[in-house]
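The structure under discussion appears below in the form of structure tokens.
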Amino acid sequence: MNRLENRIAVVTGASRGIGREIAKRLAGEGALVACVATSQEGAARTAGDIEASGARALAYGCDVSDAAQVESMFAAISEDAGPPHILVNNAGVTKDGLLVRMSESDWDRVLDVNLKGAFLCIRAAAKTMMRARYGRIINVSSVIGLGGGAGQANYAASKAGLIGLTKSVAKELGARGVTCNAIAPGFIESDMTSDLPQDFRDHVVKSAPAGRLGTAEDLSPAVAFLASDEAAYITGQVLVIDGGLTL
């Protein structure tokens, strides 16, 4: 199904894990995908794999927490491929620690990448989306943004902030044909969750009705749907994809 044919999509944090799978899925549905990662080499690996499959992709290195880099990146994408129709804000980092021991720099870095980065990318993309009167913005939040997480005050704040940002953008841009939604994944098999203690992993598996941790492949179809014309009347929503863990 090529429901994203002739669309240009930007996916941040595309070098690995969830972002990589989302980029591959959007490309597989016909979009030209601009793969964005802090490392140009990482972005290029994903883009190369997409192109090897017969789909279309470009690679860009960018620190999404840097406003000048973000503006330059979107200008380059527009010049190389055209103004983007789809933006997936997936770039994220963790620097977990107990609140009373958390350094200011660890707080700032997580908020800068996870939340400020999404704001900067939305601000840059929205300019052309509003003129075109079309756009799809999907923010990757987390169930931690809904219920908090001990030892994750910075991460929880950033992901909860993404939900508030999502709803505000939906209200601001809806009249211009631009939707903005979020997904809230549960515990997904990825580099970010690879260090979870085994007893905690066992607890998650036991607690979730699905009986397992999620995979990036569980998330990408939902993102592709929200990025499509089929989701034109859905905006400001948070889709929880957690195998029922938060029930």
I want to make sure I understand the PRE zone here: with the label point 7 angstrom from the Cα of R133 toward its beta carbon, which residues in region 212-230 have backbone N atoms less than 19 Å away?
229-230
Residue with peak Gaussian network fluctuation, the chain [Cα springs, cutoff 10 Å], from I18, I188, I138
I188
Sparse-neighbourhood loop hits (GluC sites (Glu not before Pro), region 1-34; DSSP loop; Cβ within 10 Å at most 13 others) -> E5
Estimated FRET transfer efficiency when R0 is 25 angstrom, pair N6-D49 (beta carbons, to 0.05):
0.70
Within a Gaussian network of the chain (alpha carbon springs, distance under 10 Å), most fluctuating of G151, G42, G174:
G151
Region 184-243: trypsin sites (Lys or Arg not before Pro) in DSSP loop, at most 14 other beta carbons within 10 Å
R212
What full-extension length gain, to one decimal in nm, is calculated for E230 and D199 as 0.36 nm per residue of separation minus the Cα-Cα distance?
7.1 nm
Cα long-axis angle, helix 117-132 against the chain (0 to 90 degrees, to the nearest 10)
30
Going by alpha carbons, how many degrees (0 to 90, nearest 10) lie between the helix axis of 198-207 and the longest principal axis of the chain?
80
So what is the relative contact order for the chain, in percent, with contacts set as C-alpha pairs under 8 Å and at least six apart?
18
Among A231, A91, A59, which one shows the biggest mean-square fluctuation in a GNM of the chain, springs joining Cα atoms closer than 10 Å?
A231
So for region 1-148, averaging the separation of alpha carbon pairs under 8 Å that are six or more residues apart and normalising by length, what relative contact order in percent results?
22
Using label points projected 7 Å from each Cα along Cα→Cβ, tell me how many nm separate D191 and L247, to one decimal.
3.4
For the Cα atoms of the chain, what angle does the longest principal axis make with the long axis of helix 216-226, in degrees from 0 to 90, nearest 10?
40
Return the FRET efficiency for the residue pair R101, A76: r is the Cβ-Cβ distance, R0 is 51 Å, and the value is rounded to the nearest 0.05.
0.80
Considering only V240, V223, T179, whose Cα is most displaced toward the positive end of the charge dipole of region 156-247, charges sitting on Cβ of Lys, Arg (+1) and Asp, Glu (-1)?
T179
Using alpha carbons only, how many angstrom separate the centre of region 166-225 from the centre of region 56-123?
18
Might you report the magnitude of the Cβ-based charge dipole of the chain about its Cα centre, with Lys and Arg at +1 and Asp and Glu at -1, to the nearest 20 debye?
700
Protein-only accessible surface order, largest first, of F74, F200 at 1.4 Å
F200, F74
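The values are calculated or read from the model by the stated rules, or taken from the named source; none is laboratory data. All of these numbers come straight from a predicted model, not from anything done at the bench. All Cβ positions, even for glycine, are placed from backbone atoms using ideal geometry, and neighbour counts span all protein chains on display. Quick note on the areas: whole protein, heavy atoms, side chains included, nothing else; ligands and nucleic acids left out. Shrake-Rupley method; radii C 1.70, N 1.55, O 1.52, S 1.80 Å.
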